[in-house]
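Participant: This is the structure, below, for whatever I ask next.
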Amino acid sequence: MRKMRTVLAPVVALSLVLAACGGDDEGDTAATGEDTAAETGGEDTAAETAAEETAAETAAEETAAETGGEDTAAETGGDDTVTATQGGDLTFHMITHSDDGPFWSVVKRGMDAACADLAVDCVWAGSVNDPGVQVQLIETAIAEGADGIASSLPSPDQLIGPLQEAVGAGIPVITLNSGSNDYQEIGALTHVGQTEFIAGQGAGLRFNELGATKILCGRQEESNVALEERCNGLADTFEGDVVSEFVGLDADQTEQQNSISAALQADPAIDGFMGTGPVIAMSGLGAATDTGREMAGIAGFDITPEIIAAIDAGEIAFTIDQQQYLQGYLPILLLFLNVTNANVAGGGQPILTGPGFVDQSNAATVAALVEAGTR
C-alpha cells in the first residue's frame, strides 16, 4: 500500500512551516524571548511573544487535525516540504494469455518493477492461452473497479468486446504484446509491443542471407493471430517457400519436438525452421538433431537463457527480441500517467518495443541481462 501524500492549503502550509521553525529548537526561542525582554525593558514583552508563538503552534495543530490528523502533519511538516499528488490508492490489472513460462515471467517482472516505482497496487492474471478465461478475468477487473487494465489481445474476436466494455465503464485500457492491429477499435489509449508482421519480414530477410530455400514456420498456439502474423511476415520477404503450422504447445515440449520431427521427415525440402517463440525454437533444434537434418538456419522469437546459449554456440542463427520487460513496465507507467495527469502517449500510433535481433555478435551481452532477469 502506497504512502498517502496530501496537498495542504497555502495558509496551512505556512502555519506548519512557522510551527516547525519555532518548535524544532525550543532553546533558541527562549533565548530570543529573554533578549527581547532585555532590549524592550521588561518581562511582559517576552511573555507576550511566547504566548503568541504558543497560539500559532496550537492553531497549526488544530488545522493539521482538520486536514487529516497528526500523521498528515508529520509527513508534510517533518522536512518543511509539502508534496503534491493526485491522491488516492490505484490498482491496475494486467491480464494476458500468459502460461507463466520464461517469456511471461520477464513481462511480470517488468510490471512488478513499475508498480514498485510508482507505489501502486497491481494484479497479475494469466489465462494460460485460454481466451474464455481471459474474458472472465477482464470482467472481474471491471466488476472490481480497476483503475486501469493492460491486456494482451491474442484472440480479438473474443476479447475486443469485453475490453470495449471496460472503456465504456470509464476504465482506461492499454493493449500489450498482441493487439497492434486492433487496439484502436477497442478505444485503448495505445498498444505496447512490436508489429508482428514487420518482425516476420525481418526474419525473412535474414533467412535469405542464410541461403535457406524452404522454411517450416512452427507455431506454439493454434489461434493466436500474432503468431500467424509472424509467419505471414516471414513469407512476405523470404524468397523461397514457407509452410506455417501449429506443431504443439510449449507446455509439452516432447510432443512439440516429435511433431516438428514428423514434419521434417515428411518434407525433405525443408532446410530452415522458424519458431514463433523461444521454446519452440529449441524444439526445432532438437528435431533437426533427432532427424539428422542439416539446416541452413534455425531461428526463433523472444529470449530465454537456453536460446541465447544456443545462439552463442552457433546452433541457432538468431532470435527476434521484442523486449518483453518493457511490455510489462510501460503499460503500468502509461496508465498511471493517464489516471493522475491525463497523459496519452503514442500520438495515435503503437509504442514499439521491437523488433531487435540477437545473434552471435551480441548474444554474450544479452546473456548477462537475461541472467539479471530483465531481458
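Participant: When only C-alpha pairs under 8 Å and at least 6 residues apart count, what is the relative contact order of the range 196-321, in percent?
Facilitator: Relative contact order for the range 196-321 comes out at 25 percent.
Participant: Also, I was wondering about something else. Evaluate the distance, in nm, between pseudo-label points positioned 7 Å from the Cα of Gln265 and of Gln136 along their respective Cα→Cβ axes.
Facilitator: A separation of 3.9 nm, rounded to one decimal place.
Participant: Now for a different question. Sort Thr190, Thr319, Thr374 so the one with the fewest other Cβ atoms within 10 Å of its own Cβ comes first.
Facilitator: Thr374, Thr190, Thr319
Participant: Report the label-to-label distance for Asn341 and Gln158 in nanometres (one decimal), using points 7 Å from each Cα along the Cα→Cβ vector.
Facilitator: So the two model labels end up 3.8 nm from each other.
Participant: For Ala313 and Ala119, FRET efficiency with R0 = 56 Å and r from the beta-carbon atoms, rounded to 0.05?
Facilitator: E(calc), rounded to 0.05, equals 0.85.
Participant: Please identify which residues in the range 332-362 have an amide N closer than 18 Å to a label point set 7 Å out from the Cα of Leu205, following the Cα→Cβ vector.
Facilitator: Counting backbone N atoms under 18 Å from the label point, the list is 352-362.
Participant: Got a sec? How would Glu165, Glu371 order by Cβ neighbour count within 10 Å, fewest to most?
Facilitator: Listing Glu165, Glu371 from fewest to most nearby Cβ atoms yields Glu371, Glu165.
Values in this text are rule-based calculations from the coordinates and carry no lab data. All values reported here derive from a predicted model rather than from experimental measurement. Backbone-built Cβ (ideal geometry, glycine too); neighbour counts: all protein chains shown.
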